[in-house]
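In what follows, a single structure is set out as C-alpha cells and then discussed.
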Amino acid sequence: MSSSSSLSSSPSSSEPGSSTRAVHADRAVRPGRALAPPIYQTAAFAAPDADTFARAAVEPRGQDFYTRFGNPNHAQVAAVVAELEGTEAALVTASGMAALTTTVLALVSAGDHVIGQRSTYGGTASVLLNLLPRLGVSTTLVDQEDPGAFERALTPRTRLILLESPSNPLLRITDLRAVAALARAHGALTVADNTFATPLNQRPAEYGVDLVWHSATKYLNGHSDVSAGVLAGPAALLDRVWDTALLTGAVLGPLDAWLLLRGLRTLPLRVARHNANGLALAEALTDHPAVTRVHYPGLPSHPQHALAAAQMTGFGGVLGIEFAGGFEAADAFLGRLRHPRRSASLGGVESLAVHPASMWRGMLGDDQIAGSGVPAGLVRLAAGTEDTADLVADALAAADPDPPQR
C-alpha cells in the first residue's frame with residue numbers, strides 16, 4: 001500500500017524497541033533529508049500536468065492534492081502510530097471525538113445497532129445516547145466487566161461494539177480478547193478507545209480488536225498544546241472511514257500534525273514516568289482516611305487487576321479517587337492541590353485533576369451521568385511527569401480534611 005499523509009502503512013520490521021520505533025517508524029515517508037521534518041503549511045498542492053492532477057484527486061489518502069485529502073505531516077504521524085499500535089495503517093483527524101464520530105458514521109446506518117459500555121468517556125456516551133438515536137441507530141450500554149453482557153446485548157442488527165479500557169474515569173477493564181472474538185463470531189466490528197493506556201501499555205489489535213482510536217490530544221502529543229485524533233487498523237477498513245472523513249472535513253492542520261509527531265518521539269520516555277507516578281499516587285492514597293476507594297488497575301485491590309495485568313504492560317497515569325465526603329470533599333481536595341492544575345484534559349507533562357461529574361454536565365444529563373456510575377465524590381487525577389515524591393506529598397496533604405497551615 002502506498003504511503004500517504006492521512007493514512008500510512010506500518011513499515012515492516014523485526015520488532016525493534018518502542019523508543020526506536022517512535023523515532024524511526026516514519027522514515028519511509030519522510031520528505032527530503034531534513035532530520036527535523038518541514039511543516040507543509042499549505043492547503044493545496046500543484047500538479048505538473050492534467051493526468052497527475054486527476055490521479056491525485058481520486059487516489060485515497062493522497063498527500064499531494066489537497067490537505068483535507070492528506071498532507072506529508074499527516075503521513076509521518078500515521079506511520080508512527082501504526083507502528084506503535086501494531087496495525088497496518090493509521091488515519092489522522094482533528095480531535096479524538098472526530099476520530100470516533102467519523103468512524104461511527106462510516107460504519108453504521110439507520111436501522112443498525114451499536115453496543116457500548118456504561119463506564120466510558122462522556123463524549124462517547126453522548127454519541128451513544130444522544131447522537132446515534134437521532135440518526136435511527138439503536139444503542140445498548142452494558143457493564144464492561146462481564147463479557148457475557150456484550151453477548152446478551154447482541155441483536156441481528158448489531159454492527160459495532162465500542163470499547164474503552166481502562167475506562168474514563170472509573171478505570172474499569174474490558175476483556176478485549178473475549179469481546180473481540182464474540183463480535184467477530186457475530187459479524188460485528190470492534191472499536192477500542194486506547195487513550196488512557198497508550199500503545200506503550202496496551203495494543204488492542206493484538207487481541208483481535210478491529211480499530212483502535214486515541215484522543216491524541218492526550219498522551220500521544222503529551223504537551224497540552226494540540227487537539228488531534230488518530231485511528232489505527234487495517235488499511236481496507238480505514239479506507240471506508242477515510243471516505244467519510246473527507247465529507248466531515250475533520251482535518252488536522254499541518255502545524256498540529258508536526259507538533260503531534262514531535263510529541264510521539266518521546267512517548268515511551270514519558271509513559272514510563274506516567275506509569276510510575278500513577279502507581280505511586282494510587283498506593284499512597286489507598287489507605288488515606290478521607291478516601292473510600294482508589295480506582296487504579298495497577299493495585300492488587302482492583303477487582304480486575306488480574307485481567308489488567310494480563311493484557312497491559314503498564315497501568316497508566318490516571319487514577320480515580322473517591323472521597324467519603326462526596327462532592328464537597330472532592331472539591332476541597334482539588335482546591336488544596338499545589339502541583340496538579342484543575343483541568344479537563346490529561347496526558348501532558350503537567351499533572352491535572354478534575355471532578356468528572358461536573359465536567360460531563362455539558363455532554364450528558366444528570367440521569368445519564370448517574371447511569372454511568374460516576375460518584376459525586378470522585379476526582380480524576382492524571383499524573384504528569386513531575387517528581388514522584390512531590391506529587392505524592394502534595395496529594396496526601398490535599399486529601400487531609402484538616403490540613404495544617406503551609
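The values are calculated or read from the model by the stated rules, or taken from the named source; none is laboratory data. Please read these numbers as outputs of a predicted model, since none were measured by experiment. FYI the Cβ positions are ideal-geometry reconstructions off the backbone, even for glycines, and counts take in every protein chain you see. SASA here: full protein model, heavy atoms, side chains in, ligands and nucleic acids out. Shrake-Rupley method; radii C 1.70, N 1.55, O 1.52, S 1.80 Å.
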Most packed first (mean Cβ within 10 Å per residue), the peptides 104-112, 45-53, 264-272 order as 264-272, 104-112, 45-53
Local net charge near VAL80, Cβ-Cβ under 13 Å (Lys/Arg +1, Asp/Glu -1): +2
Counting only helical runs of four or more DSSP H residues, what would the 222 nm mean residue ellipticity of the chain come to if each run contributes -39,500 (n - 2.57) and the total is spread over all its residues? -11000 deg cm²/dmol
Enumerate the amide H contacts of ALA192 below 5 Å, restricted to partners 5 or more residues apart or on another chain; note that Pro and chain-start residues carry no placed amide H. LEU163, LEU211, VAL212, TRP213
Counting sequence-distant residues (5 or more places) and residues on other chains, those with an amide H built under 5 Å from that of ARG293 are GLU322
Sort 84-96, 284-296 for me by packing, meaning the mean count of neighbouring Cβ atoms within 10 Å per residue, highest on top. 84-96, 284-296
Please compute the length gained on full extension between ALA309 and ARG68, using 0.36 nm multiplied by the number of residues separating them and subtracting their Cα-Cα distance. 82.7 nm
Counting only DSSP beta bridges with both residues in the chain, tell me the antiparallel percent, nearest 5. 60
Residues of the stretch 54-145: accessible area per residue at 1.4 Å, in Å²? 30
Can you give the FRET efficiency for ALA344 and ALA185, using 1/(1 + (r/R0)^6), R0 = 35 Å, r = Cβ-Cβ distance, to the nearest 0.05? 0.40
Could you please report the charge total around LEU132, scoring K, R as +1 and D, E as -1 over all other residues with beta-carbon less than 12 angstrom from its beta-carbon? +1
Whole-percent carbon and sulfur share, accessible surface of the stretch 208-299, 1.4 Å: 58
